[in-house]
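Since every read-out is calculated from the coordinates, none of them should be taken as a lab result. Remember, predicted model here, so these are calculated numbers, not experimental data. Cβ: placed from backbone, ideal geometry, glycine included. Neighbour counts: every protein chain shown.
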Amino acid sequence: MKRIIIVIAVLVAILLSSSLYTVNETQVAIKLRLGEIVSVENKPGLKFKTPFVNNVVSFDKRIQTLDSASESFLTVEKKNVVVDSYVKWRIVDTQKFYISTGGAMASANLRLAQNNQDALRSEFSKRTIIEVVSDEREAIMASVKAKLKTIAEDEYGIEVIDVRIKRIELSQEVRNSVYSRMETERKGLANKYRSEGAEEAEKIQAFADKERTIILANAYRDSEKIRGEGDAISASNYAEAYSQDVDFYSFYRSLESYKKSFSEQGDILVLNPDSEFFRYFNPTK
Amino acid sequence: MSNNNNGANMAWNDNNNQTPPELDEVIKDFKNKFNSTFGGKSSGNSGASKAAKGSLKYLIILALIVWFATGIYIVDPAERGVVLRFGAFQNSTTQGPHWHIPYPVEAVYKVNVEQIRAAEIGFRNVQNSYSGGVSSESLMLTKDENMVDVKLAVQYKIADAQSYLFNVYNPELTLSHVVQSVIRQVVGDNTMDYVLTTGREQVAQEVKVASQALLNDYNTGLMITAVTMQDAQPPIQVKASFDDVVKAREDEQRYINEAKAYANDIVPKARGASQRLLAEAEAYMSEVVSKSEGEAYRFNQILTEYTKAPEVTRERLYRETLEEVFSSTNKVIVDSSSNSMMYLPIDQLINSSRTSKSTSSSSSFQQTLSGNSNDQSVLRSRENR
């Protein structure tokens with residue numbers, strides 16, 4: 001008796017487990033009967049299905065990110081740029097999604113990625129690098145998003161929430177030319193600073209030299225004036241004194257010069273005893 | 001209490017109709033159960049099966065208690081607990097101990113909503129030390145077709161636990177993508193000089209605002225608390241020429257400073273020299289004037305005396321002068337009336353007079369006047385002692 005009850009309990013458990021299933025807050029599910037869609041379960045919670053007849057496929061209904069690999073596109077200037085973008089999407093029409101993609105996220109991503117690249121390629125080919133990088137970045141993203149939105153909703157039951165460009169990179173040759181342009185620009189700037197500095201320095205030095213010359217010239221002029229004054233005063237003193245008796249002056253002054261001139265031990269005078277000095281020297285006279 | 005009945009059914013029924021056993025009976029039953037499971041004495045078929053039935057009952061009760069206990073959980077002050085019943089959102093709980101209906105009915109996810117988390121764009125930090133740039137993330141184009149290397153540090157926290165869990169797949173990756181896209185957009189809208197120098201704060205602020213707007217659009221439940229620009233540099237490939245511009249600025253200043261130093265050196269020196277010139281001139285003037293005044297005064301004095309007795313003064317002055325002159329020089333007295341030829345060894349005289357200069361005596365040479373001899377005169381030097 002007890003054994004039968006255990007068996008019944010086990011059977012009930014099996015029955016229950018195959019007829020109950022849960023749908024998470026993050027999920028949305030489809031109930032199928034033998035491959036045909038019976039219903040779409042959007043609300044989360046505990047659900048019932050007919051065991052062994054129905055099977056349930058569930059999908060993540062949160063916002064997914066499609067981060068495709070970088071692709072290179074040509075701009076209108078025929079320059080290569082490498083673009084990395086992402087698409088934010090989520091399932092809105094579960095039925096359409098299942099029918100169009102077979103329920104595989106990967107295939108949905110693949111199709112979206114292809115459409116994304118095509119739309120980007122056509123947008124980039126109409127614009128220059130500058131427009132792409134700054135002026136029209138938003139416009140490109142909005143336009144690609146609009147294109148993808150209609151395709152995705154019509155065909156895959158997907159809502160495209162956002163399309164954004166993550167990175168725009170230049171190809172290696174273009175990058176190198178950008179680097180060399182930046183370098184030459186900087187070199188020019190450095191030369192400008194240095195030569196402006198040299199110009200200013202030259203000015204300051206020249207001005208200082210000029211000042212110096214002027215100062216010295218003025219000083220020379222003034223000193224010569226003073227010397228001249230001194231000479232004049234002394235000359236007038238002498239003239240005033242000596243002109244009182246010119247004869248005596250010349251006698252007196254000559255005596256002074258004899259004293260000053262012949263005062264060295266090394267001097268030799270060859271004298272004639274007839275001179276005035278020797279008047280009383282030779283007693284015969 | 002339980003009767004001694006045969007058969008499992010009766011025992012089962014009896015137990016269903018009985019009131020809960022008393023404590024000592026419970027202990028006895030548990031002992032029996034252990035004995036039966038771990039190879040104790042079997043007290044007969046009915047006893048063993050009864051013990052087995054009793055232990056099954058208590059096993060089930062134990063399992064139920066354990067199962068109920070798994071529903072207890074504690075929420076930290078910084079956390080929120082999100083409870084799902086059969087996968088559907090039930091309620092959210094705040095700090096403290098709580099209980100939920102255990103799995104598989106209910107499940108709880110605990111989310112820390114206070115902790116500040118960090119995201120790095122353009123570089124990676126490993127154990128609190130800067131490990132280096134990731135140039136594929138950090139190099140970006142500016143409005144004027146230049147390239148810059150920008151590294152951002154983003155701080156964020158989970159503001160809404162439900163949105164964080166249920167709206168977006170991998171919210172952290174989403175945040176990283178969003179910030180990368182936004183920073184490049186903002187840098188692409190500005191010039192290189194702005195981004196590298198004055199515009200750093202402004203750029204970081206714009207990134208924060210725009211990123212938050214996108215995160216809100218996607219309903220991620222994340223809130224960015226701060227965006228800081230760790231670094232903004234020109235790319236490594238051109239860094240040398242950028243550094244040279246800074247050096248050039250310094251060189252410019254240095255040239256100017258050197259010139260100013262030169263000017264500050266020579267102009268005051270020139271002023272000093274000019275003062276010296278003037279001072280020397282004034283000194284010369286006063287020297288010359290004083291000398292002239294002195295000599296004039298002296299002359300006037302002697303003139304006064306002279307005019308009083310001219311002949312006598314004249315004679316006296318003349319003799320005094322010659323006295324002084326002759327006493328301090330060497331003399332050779334030659335009689336011009338004699339007709340003899342004379343040999344004057346002037347060189348010898350000059351040389352010997354030089355050597356005897358140190359002594360304060362004077363030497364004199366004399367030649368005898370009796371000049372009838374035709375031979376050369378002999379000159380003798382005689383030193384006066």
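General remarks:
- Take each residue in A:221-230, count the other chain C-beta atoms within 10 Å of its C-beta, and the mean is 6.
- Principal-axis tilt of helix A:137-151 within chain A, Cα atoms, nearest 10 degrees: 10
- Whichever aspartates and glutamates have a C-alpha closer than 14 Å to that of A:K210, once near sequence neighbours (fewer than 8 apart) are set aside: A:E202, B:D265
- When the range A:61-131 is reduced to its Cα atoms, the Kirkwood hydrodynamic radius in Å: 13.6
- Principal axis dimensions, largest first and in whole angstrom, of chain A by Cα: 197, 59, 35
- Scoring B:327-333, B:136-142 by mean Cβ neighbours within 10 Å over their residues and listing the highest first yields B:136-142, B:327-333.
- Relative contact order [Cα under 8 Å, 6+ residues apart], the range A:1-146, whole percent: 18
- Debye intensity ratio I(q)/I(0), log10, the range A:181-229, q values 0.29, 0.31 Å⁻¹ (C-alpha model): -0.94, -0.98
- Length-normalised contact order for the range A:14-90 - Cα pairs under 8 Å, 6+ apart - percent: 27
- Computed over chain A: relative contact order in percent, which uses C-alpha pairs under 8 Å that are six or more apart: 13
- P(r) of the range B:282-339 over all Cα-Cα pairs, binned every 10 Å from zero, in whole percent: 18, 24, 28, 21, 7, 2, 0
- Beyond 18 Å in Cα-Cα separation lie the following of the pairs A:K192/B:K260; A:K192/B:K247; A:K79/A:K145; A:K2/B:K57; A:K149/B:K208; A:K78/A:K145: A:K192/B:K260; A:K79/A:K145; A:K149/B:K208; A:K78/A:K145.
- Average other protein chain Cβ within 10 Å of Cβ, residues B:279-292: 6
- Candidate aspartates and glutamates for bridging to A:K47, where Cα separation is under 18 Å - those fewer than 8 sequence places away on the same chain excluded: A:E25, A:D60, B:E106
- Anchor B:K331: lysines whose Cα lies under 24 Å away (excluding residues fewer than 8 positions away in-chain): A:K259, A:K260, A:K285, B:K357
- For the segment A:176-186, counting C-beta atoms of other chains within 10 Å of every residue's C-beta and taking the mean gives 5.
- Maximal additional length on extending the A:S195-A:S171 stretch stands at 5.0 nm, based on 0.36 nm per residue less the C-alpha distance.
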